[in-house]
Amino acid sequence: MAESRNIVIVTGIPGVGKTTVINTAVEQVKERSGEDVLVLNIGTEMFVVATKAGHVKDRDGLRKLPTSIQREVQREAGVVIAEKAKTAKVIVDTHTLIQTNNGFLIGLPEWVVTAINPKTVVLVEADSEKIASRRTGDETRTRDAQAVTDIQIHQEMCRAAAVSVGTITGATVRIIKNREGLVEEAASELADTLLE
Ligand code: ATP
Ligand code: MG
């Protein structure tokens, strides 16, 4: 277990704007305090592990793997993250629930969050309609189409998942709204959490 709580987990459903908000918050922290924040991504670490094992060729192929393999890959990635996160101020960019062909895979199971021991779980949320349009507008990724009502249910389930992490670890749970065109505002709240 990491011994001090210098890790903030940032989560929220695909396309809500986690990575965008994180990048801006890291700049704001640098401006406000001169500190660097290390951003780690469980999906990226999983992709590295899965590629080495020959399971996938592209990142969006991860969630299509049999769930037993996804869990195995996730376990290895969790160990890598916990190790890397031992020293600096860290953000872990991740999903709490991953839509697979067999229901939701839990992105932050007990053994991952216990290893990470976060200070805070930040849940980024936005209007479901906006998320649908952000996904369609993002040409850098191969995103799954999802009905607006399903996006809404997925967001509600993410709240439950975020609270579960708080229950297991004692981390605080902070909801940050990523309003359309107002990334700076959401990022400023995340910077407050990092600097608390
Ligand atoms: P994933 O979980 O799949 O990695 P994500 O939550 O990290 O997704 P981003 O990649 O940060 O999401 O953002 C998705 C798209 O939404 C991007 O094209 C981004 O530019 C856009 N976007 C993010 N935040 C906002 C905002 N506040 N207003 C308008 N567009 C936004
Ligand atoms: Mg992202």
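Among the residues of the stretch 20-35, those identified as within 18 Å of the chain's Cα centre (by Cα) and over 11 Å from LEU195 (Cβ atoms) are THR20, VAL21, ILE22, ASN23, THR24, VAL26.
Does VAL79 satisfy the criteria of being away from ligand 2 (no atom under 16 Å from the Cβ) and closer than 21 Å to GLU110 by Cα? Full working, then the answer.
Numbers: away from ligand 2 (no atom under 16 Å from the Cβ): yes; closer than 21 Å to GLU110 by Cα: yes.
So VAL79 fits the description; yes.
If you go through the stretch 126-145 and keep only what is assigned to a loop (DSSP other than H, G, I, E, B), more than 16 Å from ligand 2 (Cβ to nearest atom) and not small (Gly, Ala, Ser), you end up with just ASP127. Among the residues of the stretch 16-34, those that are buried (at least 22 other Cβ atoms within 10 Å of the Cβ), within 11 Å of ligand 2 (Cβ to nearest atom) and either without any contact (Cβ under 8 Å) to a residue 40 or more places away in the chain or not basic (Lys, Arg) (or both) comprise VAL16, GLY17, VAL21, ILE22. Take the residues of the stretch 40-68 that are within 16 Å of ligand 1 (Cβ to nearest atom) and of a type in the set (D, E, K, R): which is nearest to ILE98 (Cα to Cα)? Among them, the one singled out is ARG63. Within the stretch 133-152, can you find the residues that are crowded, with 18+ Cβ neighbours inside 10 Å and either under 16 Å from ASN41 (Cβ atoms) or at pLDDT 85 or above (or both)? Those that are crowded, with 18+ Cβ neighbours inside 10 Å and either under 16 Å from ASN41 (Cβ atoms) or at pLDDT 85 or above (or both): ARG134, ARG135, ILE151.
Yes or no: LEU62 within 15 Å of ligand 2 (Cβ to nearest atom), of a type outside the set (S, T, N, Q) and modelled with pLDDT of 90 or more? Considered against the rule, which asks whether it is within 15 Å of ligand 2 (Cβ to nearest atom), of a type outside the set (S, T, N, Q) and modelled with pLDDT of 90 or more, LEU62 comes out as yes. Taken over the stretch 156-183, residues that are more than 9 Å from VAL121 (Cβ to Cβ) and β-branched (Val, Ile, Thr) amount to 5. From the list LEU108, LEU123, the lone residue that is closer than 21 Å to GLY12 by Cα, in a loop (DSSP other than H, G, I, E, B) and touching a helix residue (DSSP H, G or I) at 6+ places or on another chain (Cβ under 6 Å) is LEU108. For the stretch 11-39, a tally of residues being part of a strand (DSSP E or B) and more than 13 Å from ligand 1 (Cβ to nearest atom) returns 2.
Of everything in the stretch 1-10 that's away from ligand 1 (no atom under 16 Å from the Cβ) and not acidic (Asp, Glu), which residue is modelled with the highest pLDDT?
Going residue by residue through the stretch 1-10, those that are away from ligand 1 (no atom under 16 Å from the Cβ) are 1-7.
From what's left, not acidic (Asp, Glu): 1-2, 4-7.
Details: MET1: 40, ALA2: 40, SER4: 67, ARG5: 80, ASN6: 86, ILE7: 92.
Ranking the qualifying residues of the stretch 1-10, first place goes to ILE7.
Screening the stretch 12-29 for residues that are in contact with a helix residue (DSSP H, G or I) (Cβ under 6 Å, 6 or more places away or on another chain) and of a type in the set (Gly, Ala, Ser) and picking the one that is farthest from PHE104 (Cα to Cα) gives ALA25. Looking at the structure I just gave you, is GLU76 assigned to a helix (DSSP H, G or I) and among the charged types (D, E, K, R)? Spelling it out, GLU76 is indeed assigned to a helix (DSSP H, G or I) and among the charged types (D, E, K, R).
The values are calculated or read from the model by the stated rules, or taken from the named source; none is laboratory data. What you are looking at is a predicted structure, and each value in this text was computed from that prediction instead of being measured. Cβ: placed from backbone, ideal geometry, glycine included. Neighbour counts: every protein chain shown.
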